[in-house]
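Q: Would you mind keeping the following structure in view while I ask a few things?
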Amino acid sequence: MNDERPWRRDASSVEGNVRTAAVWAQLHELSESRRGELSRPLRVLDLGGGTGGLAVALAEQGHSVIVVDPNADALASLARRAEESSASERVAAVQGDADTLATTITPGSIDLLCCHGVLEYVDDPERTLSLIAEVLAPGGNLSLVTAQRIAAVLGRTLAGRFDQARAALTSADGRWGDDDPVPRRFDRNDLAELLTRTGFSTLDARGVRIFSDLVQHEYVDTEADRQALLELEELAAADDGRIGLSALGAAMHLVARRD
């Protein structure tokens with residue numbers, strides 16, 4: 001296969017990648033709605049934003065974005081990505097994590113905070129959400145993406161590891177064993193309650209990566225295949241509960257408002 005096909009380059013973008021497109025579509029709609037309310041571009045913080053795929057995309061929409069990440073190499077990659085974009089002056093990098101937010105970010109100064117793939121790995125998720133709430137302005141939005149328990153149960157079952165599936169289903173942290181690389185997974189209702197306790201109102205919750213983690217690569221070998229899978233992911237992610245496919249996503253995307 002020729003990896004230089006134009007559609008493969010498009011697939012690396014947040015809107016073209018089947019693993020990120022559904023989240024980006026919702027995040028883009030959220031950021032534009034909030035921009036309309038405030039009549040200005042947003043002040044965005046991407047916690048654990050790494051190499052900046054999401055941050056640069058938001059900056060290219062006109063928003064000012066700060067990426068906070070503990071990994072110096074990832075931040076160096078972010079700097080290169082930003083320089084190659086049209087929005088380098090709107091992207092800033094800070095080496096740190098949730099525990100350093102109070103010393104680097106002005107309280108109440110952030111309009112939109114993205115926390116994607118982070119809450120699974122922190123020592124105390126409730127404390128992390130409380131620290132996030134402190135830097136968000138009242139009425140500010142949180143975009144939260146976390147690993148979802150039921151996908152691990154399904155995946156272990158399909159792999160024939162019924163003991164691991166049982167462990168993931170019954171354990172308090174949603175892990176399937178000591179070798180599980182993910183420290184914890186969440187159930188949607190429990191996470192919504194956690195958000196309530198830390199000063200948030202959940203506005204929307206949906207599963208993402210419902211099919212993309214299961215489909216073999218050889219079945220997505222053309223632009224038509226990729227587009228069909230993208231459309232299927234977006235339809236399933238937006239499921240309102242009538243069918244329930246959203247609950248099967250490898251991750252869930254919750255949008256919340258700082259009370």
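Q: Using the alpha-carbon centroid of each, what span in Å lies between segment 98-114 and segment 200-239?
A: Distance between centres, Cα-based: 31 Å.
Q: Still on this structure, I have one more. Quickly rank 50-58, 166-174, 114-122 as a protection proxy: mean count of other C-beta atoms within 10 Å, highest first.
A: Order by mean packing, descending: 50-58, 114-122, 166-174.
Q: Right, another one. Which FRET efficiency value, to the nearest 0.05, do you get for GLU83 and GLU218 by plugging their Cβ-Cβ distance into 1/(1 + (r/R0)^6) with R0 = 25 Å?
A: 0.10
Q: Separate question: Can you tell me the accessible area per residue over the chain, all protein chains present, probe 1.4 angstrom, in square angstrom?
A: Per-residue value: 49 Å².
Q: Continuing with this model, one more query. Please report the carbon-and-sulfur percent of the accessible area for the chain; probe 1.4 Å, protein heavy atoms only, DNA, RNA and ligands left out.
A: Of the solvent-accessible surface of the chain, carbon and sulfur hold 50 percent.
Q: OK, next. Starting at the first residue of segment 182-193, write each ³J(HN,Hα) from the Karplus equation 6.51 cos²θ - 1.76 cosθ + 1.60 with θ = phi - 60°, in whole Hz, x for Gly and Pro.
A: 9, x, 7, 10, 10, 9, 4, 5, 5, 5, 4, 5
Q: For the chain, report the convex hull volume of the alpha-carbon atoms normalised per residue, in Å³, without decimals.
A: Each residue corresponds to 143 Å³ of Cα convex hull volume.
Q: If you don't mind, there's one more thing I want to ask. With equal scatterers on the alpha carbons only and no solvent term, can you work out the Debye log10 of I(q)/I(0) for segment 132-198 at 0.26 1/Å?
A: With one equal scatterer per Cα and no solvent, log10 I(q)/I(0) is -1.09.
Q: Please identify the GluC sites (Glu not before Pro) of segment 13-94 that satisfy two criteria: DSSP loop assignment and at most 16 other Cβ atoms within 10 Å. Which are they?
A: Here the sparse-neighbourhood loop sites are GLU15, GLU84.
Q: Computed over the Cα atoms of segment 71-149, what is the ratio Rg over Rh, Rh following Kirkwood?
A: 0.98
Q: For Cα pairs less than 8 Å apart in space and 6+ apart in sequence, what is the mean separation divided by the residue count of the chain, i.e. the relative contact order in percent?
A: 18 percent
Q: In whole angstrom, how long is each semi-axis of the equivalent ellipsoid of segment 110-259, when you take the square root of 5 times every eigenvalue of its Cα gyration tensor and sort them from largest down?
A: 27, 21, 13
Q: How much FRET efficiency would the formula 1/(1 + (r/R0)^6) give for GLU15 and THR196, where r is the Cβ-Cβ distance and R0 is 30 Å, rounded to 0.05?
A: 0.45
Q: Using a Förster distance of 35 angstrom, determine the FRET efficiency expected from the C-beta separation of PHE211 and GLU60, and round it to 0.05.
A: According to the calculation, E is roughly 0.80.
Q: Given the options SER33, SER201, SER88, state which has the largest fluctuation in a GNM of the chain using a 10 Å cut-off (strictly under) for Cα springs.
A: SER33
Q: Could you work out [θ]222 nm for the chain from helices alone, using -39500 (n - 2.57) per DSSP H run of at least four and dividing by all its residues? Round to the nearest 500 deg cm²/dmol.
A: -11500 deg cm²/dmol
Q: Also: Report the gain in length on full extension from GLU29 to ALA76: 0.36 nm times residue separation, minus Cα-Cα distance, nm rounded to one decimal.
A: 14.0 nm
Q: Need one number: nm distance between label points at SER109 and ARG127, each 7 Å from Cα along Cα→Cβ, rounded to one decimal.
A: For SER109 paired with ARG127, the spin-label model returns 2.4 nm.
The values are calculated or read from the model by the stated rules, or taken from the named source; none is laboratory data. Note that this is a predicted model, so its numbers are computed, not measured. Note: ideal-geometry Cβ built from the backbone for every residue, glycine included; neighbour counts use all protein chains shown. With ligands, DNA and RNA removed, areas are computed over all heavy atoms of the protein, side chains included. Shrake-Rupley method; radii C 1.70, N 1.55, O 1.52, S 1.80 Å.
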